[in-house]
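So the structure is just underneath, and the comments pick up after that.
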Amino acid sequence: MMAWSVVFHDKAKKEFDRLNGLSKTQAAKAIHKVSLNPLPQSEGGYGKPLGNNQSSKLAGCLKIKLKGIGLRVVYQLIREDTVMKIIVISLRDDDKVYKTAENRIN
């Protein structure tokens, strides 16, 4: 299977660049692994789908959880172009990461 192209929202790129060495390495590895099959788990991929809830409206977005370092990566798929667009990379801080993602896609 061919990896999907990975593109970053401008602010997500800055967030990635600001990560410290170990966190950046782990995030890069996780993004690369998921880019090999970023489809939702229901379609046989690695993506964990997000939905709509009281605090955020993120249907169509997926997440990568890096539990060891407490990071969340939220991304969208642009299927017709096989692009995995990174929307936000942030510490899991209650729902802040998801609110930030919602603001960037709207």
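Since every read-out is calculated from the coordinates, none of them should be taken as a lab result. Source: prediction; values computed, not measured. Every residue, glycine as well, gets a Cβ built from its backbone with ideal geometry; the counts of neighbours run over all protein chains shown.
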Handout entry: When residues of segment 42-65 are limited to those that are surrounded by fewer than 18 Cβ atoms within 10 Å (Cβ to Cβ) and in contact with a strand residue (DSSP E or B) (Cβ under 8 Å, 6 or more places away or on another chain), the one nearest to Ala28 (Cα to Cα)
Key = Lys65
Completion exercise
Quick count over segment 72-103, residues being in contact (Cβ under 8 Å) with a residue 24 or more places away in the chain and among the charged types (D, E, K, R), is 7
Practice task
Determine if segment 66-76 includes at least one residue that is among the basic types (Lys, Arg) and crowded, with 16+ Cβ neighbours inside 10 Å.
Solution key: yes
Practice task
Select, from Gly68, Gly60, Gly51, the only residue that is on the phi > 0 side of the Ramachandran plot and either touching a residue at least 40 places away in the same chain (Cβ under 8 Å) or not aromatic (Phe, Trp, Tyr) (or both).
Solution key: Gly60
Handout entry: Residue satisfying all of: in segment 13-49; touching a helix residue (DSSP H, G or I) at 6+ places or on another chain (Cβ under 7 Å) and among the aliphatic types (A, V, I, L, M); nearest to Gln76 (Cα to Cα) among these
Key = Ala27
Exercise for the section: Return the residue satisfying two criteria in turn: it lies in segment 93-106 and is assigned to a helix (DSSP H, G or I) and among the polar types (S, T, N, Q), and of such residues it is surrounded by the fewest Cβ atoms within 10 Å (Cβ to Cβ). Expected result: Asn103
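Looking at the structure I just gave you, is Gly44 more than 11 Å from the chain's Cα centre (by Cα) and free of Cβ contacts under 8 Å to residues at least 40 places away in the same chain? Talk me through it step by step, then tell me what you get.
On the way: more than 11 Å from the chain's Cα centre (by Cα): yes; free of Cβ contacts under 8 Å to residues at least 40 places away in the same chain: yes.
Spelling it out, Gly44 is indeed more than 11 Å from the chain's Cα centre (by Cα) and free of Cβ contacts under 8 Å to residues at least 40 places away in the same chain.
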